[in-house]
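Accompanying notes for the structure given below.
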């Protein structure tokens with residue numbers, strides 16, 4: 001594997017770490033108190049808006065942009081450690097315009113959108129003026145098999161008519177969310193189940209789009225982004241809102257998910273690394289039965305095992321990032337599946353150990369641990385559940401050795 005950081009990425013990393021120390025960590029409690037007390041959790045908190053302006057001023061903006069499309073962009077290997085730094089605070093990626101699902105959606109626009117679509121939607125997304133959502137998962141079918149998606153996209157003259165339900169749609173309730181990428185079936189009877197689907201652009205304010213309810217994960221609302229259930233009732237959009245063409249939905253999804261899984265995994269490595277550091281500090285600060293927690297064998301074992309787990313997941317994710325850069329998503333699919341299996345589960349284990357060492361306080365919002373655990377557990381479903389990745393990876397490995 002190549003050296004993880006170029007000189008350019010190392011300089012950005014240093015600047016990013018300083019920004020986190022000076023601007024993000026000091027206001028974590030203030031941000032949390034605001035989100036839990038505001039009457040409108042779906043608006044951008046003033047504190048967050050101020051931080052976005054500061055981040056843009058110092059050049060910490062759109063760091064995820066791929067080098068293959070932007071001269072000043074970064075490779076996956078360069079961006080991954082930056083995602084880890086941002087991941088140490090759950091909401092920090094929003095400050096730098098590097099949060100999901102917007103990063104994935106922007107990459108879809110970069111790779112597959114027409115010039116007109118880029119002008120209308122990509123430019124304001126890159127500027128951080130609007131937010132976006134990606135609507136694929138459905139409540140009435142097992143969406144871990146995306147060919148099960150039933151939302152219909154039917155052409156009627158110069159329009160597409162969309163009917164169906166979606167849920168766990170991140171960011172849709174945010175006041176700045178203006179556009180959705182919706183995956184549904186344009187050719188449900190095609191014998192090839194992987195070309196039945198298409199992706200189409202649907203403005204949030206289109207008649208017939210209804211936000212049914214916000215959703216929680218382990219009790220967390222996740223505002224100001226969060227998830228929601230939505231319904232489409234005879235929603236009409238122009239035919240020019242199709243992305244790439246009918247039957248190309250799976251192709252777009254695969255192009256979108258490879259880098260996205262790198263981002264999620266490295267953010268989770270950041271969560272786990274911070275949890276490990278807090279474990280070490282807590283074990284020295286607290287005493288029970290006449291000695292420090294750090295003197296207990298079980299505590300030392302938990303810390304040692306957590307260190308090993310974090311390092312292994314980080315290295316595996318960096319291997320996947322390097323292979324994507326060198327050979328592309330398709331050739332790196334086994335490593336991408338591996339990191340998606342390993343990293344969220346690793347983060348959940350490490351954060352759980354940190355919660356235990358922090359006692360009941362670890363379950364409260366006094367620490368970042370409970371929300372970080374929720375994030376780690378959630379990502380064991382997002383972008384495909386563990387079982388699907390294990391099934392696909394196992395099948396691929398068997399083919400290679402037969």
So what is the relative contact order of region 311-373, in percent, for Cα pairs below 8 Å that sit 6 or more residues apart?
24
As I understand it, the value is the acute angle between the Cα axis of helix 297-327 and the longest principal axis of the Cα atoms of the chain; what does it come to in degrees, rounded to 10?
40
Sum -39500 (n - 2.57) across every DSSP H segment of at least 4 residues in the chain, then divide by the residue count to get the 222 nm mean residue ellipticity, nearest 500.
-15000 deg cm²/dmol
Using just the alpha carbons, could you tell me how many Å³ per residue the convex hull of region 285-402 encloses?
128
Measure nothing fancy, just the Cα-based angle from helix 369-379's long axis to the longest principal axis of the chain, in degrees from 0 to 90, nearest 10.
40
In whole µm²/s, the translational diffusion coefficient that Stokes-Einstein assigns to the chain, given a Kirkwood hydrodynamic radius over C-alpha pairs, 25 °C and 0.890 mPa s, equals 111
Fully extended, how many nm does the chain gain between residue 254 and residue 36 (0.36 nm per residue separation, minus their Cα-Cα distance)?
74.9 nm
For region 122-278, projected area of the alpha-carbon convex hull averaged over all directions, nm²
10.7
What distance in nm separates the simple spin-label points at residue 69 and residue 116, each placed 7 Å from Cα in the Cβ direction?
2.0
Relative contact order [Cα under 8 Å, 6+ residues apart], region 1-82, whole percent:
40
Using alpha carbons only, how many degrees (0 to 90, rounded to 10) separate the axis of helix 249-285 from the longest principal axis of the chain?
20
To the nearest 0.05, what FRET efficiency results for residue 192 and residue 315 with a Förster distance of 35 Å applied to their C-beta separation?
0.40
Dividing the mean separation of Cα pairs under 8 Å (6+ apart) by the residue count of region 137-244 yields a relative contact order in percent of 32
With 10 angstrom as the radius, rank 107, 28 by how many other C-beta atoms surround their C-beta, starting from the fewest.
28, 107
So how do 218, 276, 268 line up by other beta-carbon neighbours within 10 Å, fewest first?
218, 276, 268
Gain on full stretching of the segment that runs from residue 206 to residue 285 - 0.36 nm per residue minus C-alpha separation:
22.9 nm
Region 200-247 and region 61-126 have their Cα centres apart by a whole-number Å value of 21
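Where a number appears in this text, it was derived from the coordinates with a stated rule and is not lab data. Since the structure is predicted, the reported quantities are computational estimates derived from the model, not experimental observations. Reconstructed Cβ throughout: ideal geometry from the backbone, glycine too, with neighbour counts over all protein chains shown.
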